[in-house]
Amino acid sequence: MPVKIAITDDHPMVISAMKSALELNPGRELIFTCTCGEALLQQLSIHQPDILLLDIRLPDLPGTSLCKQISAEYPFVRIIAITSHDDPWYIRQMLEMGAHGYLLKDTGFNILEEAISKVLNGNQYMDPRISLEPVNKTKELPFTRKEKEMLTLLSEMQSLQQIAIRMCIPLRMAEMHFYNLVQKLGTDDMNGLLQEARRRGLL
């Protein structure tokens, strides 16, 4: 039976390139493509691929949070992160959230095939152009515009439901942004979170 593969990326050209590469191997079957996280979650409730090629930056939901959720709900779906970021912080975060592999978007057919084969066999795969050298532990993870906006609203003592309405986003997305803030600031205590945000000049 062919290996079932799904692609989620907000750039149609990336999806097209990946699709063309997969078509070179008759043992690969592309079962669906998505351009956002919500569409991916809907598709996964119907179809579960063997391999999911997942962009770590999507327009609606953070790739890291998606990776964690999918790994928990669909443990047999093996996730390979695809991105243009080779920063060790992004790589470690995706691996910690459950990704089995990490590829740069401009990867060639041979590397893509090698990654799929390795991950299917239960191994972890890293794009050979990526170096996971020890990084400075004092380096702080970057914050997105949405995360900074959420911090401001949290400082006004608003609930996540109120924040979701103010930001015009689904409650689930607000929860994912909050989870990312907790991970990046190192505390799930609200007072501690806001104090750390102020210490870093985010508020």
### Query
Out of the residues in the stretch 1-30 that are in a strand (DSSP E or B) and of a type in the set (K, R), which is modelled with the lowest pLDDT?
R28
### Task
Considering only the stretch 76-94, state which residues are of a type in the set (A, V, I, L, M, F, W, C), buried (at least 18 other Cβ atoms within 10 Å of the Cβ) and assigned to a helix (DSSP H, G or I).
I91, M94
### The listed residue being within 22 Å of L52 (Cβ to Cβ) and either among the polar types (S, T, N, Q) or touching a strand residue (DSSP E or B) at 6+ places or on another chain (Cβ under 8 Å) (or both), out of D86, D106
D86
## Note on the structure
So the helices (runs of 4 or more DSSP H) completely within the stretch 102-168 holding 2 or more residues that are over 22 Å from I15 (Cβ atoms) and modelled with pLDDT of 80 or more are 145-155, 160-167
### Task
Go through (1) out of contact with any Cys (no Cβ under 8 Å at 6 or more places or on another chain); (2) more than 21 Å from I130 (Cβ to Cβ) one by one and return the number of the condition P88 breaks.
(2)
### Task
Might you check whether a residue that is among the hydrophobic types (A, V, I, L, M, F, W, C), crowded, with 22+ Cβ neighbours inside 10 Å and part of a loop (DSSP other than H, G, I, E, B) occurs anywhere in the stretch 31-45?
no
### Task
Please work out which one of (1) loosely packed, with under 15 Cβ neighbours inside 10 Å; (2) over 22 Å from L41 (Cα atoms) is the condition P170 fails and give its number.
(2)
### Message
I'd like to know if the stretch 44-60 contains one or more residues that are under 19 Å from V182 (Cα atoms) and β-branched (V, I, T).
### Response
yes
### Message
Here is a list: R145, R78. Which entry is closer than 30 Å to P49 by Cα and of a type in the set (D, E, K, R)?
### Response
R78
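The values are calculated or read from the model by the stated rules, or taken from the named source; none is laboratory data. This structure is a prediction, so every number in the text was calculated from the model and none was measured. Here the Cβ is made from the backbone with ideal geometry for all residues, glycine too, and neighbour counts use every protein chain on show.
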